[in-house]
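Step one of this worksheet: look at the structure below.
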Amino acid sequence: MSGSITLTVNLFGAFRGHENGKPLTLSLPHGATLVQARSALKAALNDHPLIDDSALADETQILPEDAVFERDTQLAILPPVCGG
């Protein structure tokens, strides 16, 4: 299948300062990988240094590094946190 998919990315933690925390909308080719999604996030978030260390999750799970997107998907980017 060809065409594109839309990833809607909810921002948390250190990323909430971007666009007042409004979700990002990324358009990627059908079958895009998590690596491609991270690359698009880097472009949208001005190459924020925490992107590579952050987890990406869909509605049900933290996504593995080999995830492939076959449909429009809601995501969350979850930066590492420190606390007690």
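Hey, rough spin-label estimate for Gln36 and Arg16, points 7 angstrom out along Cα→Cβ, what's it come to in nanometres?
Modelled inter-label distance: 3.2 nm.
Would you calculate, for the chain, the mean residue ellipticity at 222 nm contributed by helices, counting each DSSP H stretch of 4 or more residues as -39,500 (n - 2.57) and dividing by all residues, to the nearest 500? Let's see the in-between values first.
Values: 1 runs with 11 residues, N = 84.
Here the helix-only value at 222 nm equals -4000 deg cm²/dmol.
Charges on Cβ only, +1 for Lys and Arg, -1 for Asp and Glu, centred on the Cα centroid of the chain; of Leu41, Gly17, Thr73, which one is farthest towards the dipole's positive end?
The residue sitting most towards the positive pole is Gly17.
If you put +1 on each Lys and Arg Cβ and -1 on each Asp and Glu Cβ, how big is the dipole of region 4-78 around its Cα centre, in Debye rounded to 20? Mind dumping the intermediate values first?
Numbers: 5 positive and 10 negative charges, 52 e Å.
Result for region 4-78 is approximately 240 debye, rounded to the nearest 20.
How do the peptides 21-28, 55-62, 74-81 rank, highest first, by the average count of neighbouring beta carbon atoms within 10 Å per residue? Please report the intermediate quantities before stating the final value.
Values: 21-28: 14.1, 55-62: 11.9, 74-81: 15.9.
Ranked from most to least packed, the peptides come out as 74-81, 21-28, 55-62.
Please report, in whole Å³, the volume per residue of the convex hull around the C-alpha atoms of the chain.
On the way: hull volume 8.0 nm³, N = 84.
Here the figure is 95 Å³ per residue.
If you fit an axis through the alpha-carbon atoms of helix 34-44 and take the longest principal axis of the Cα set of the chain, what angle between them do you get, 0 to 90°, nearest 10?
That works out to roughly 60 degrees.
Each value in this text was obtained by applying a stated rule to the coordinates, not by laboratory testing. What you are looking at is a predicted structure, and each value in this text was computed from that prediction instead of being measured. With ideal geometry, Cβ positions are generated from the backbone for all residues, glycine too; neighbour counts draw on all protein chains shown.
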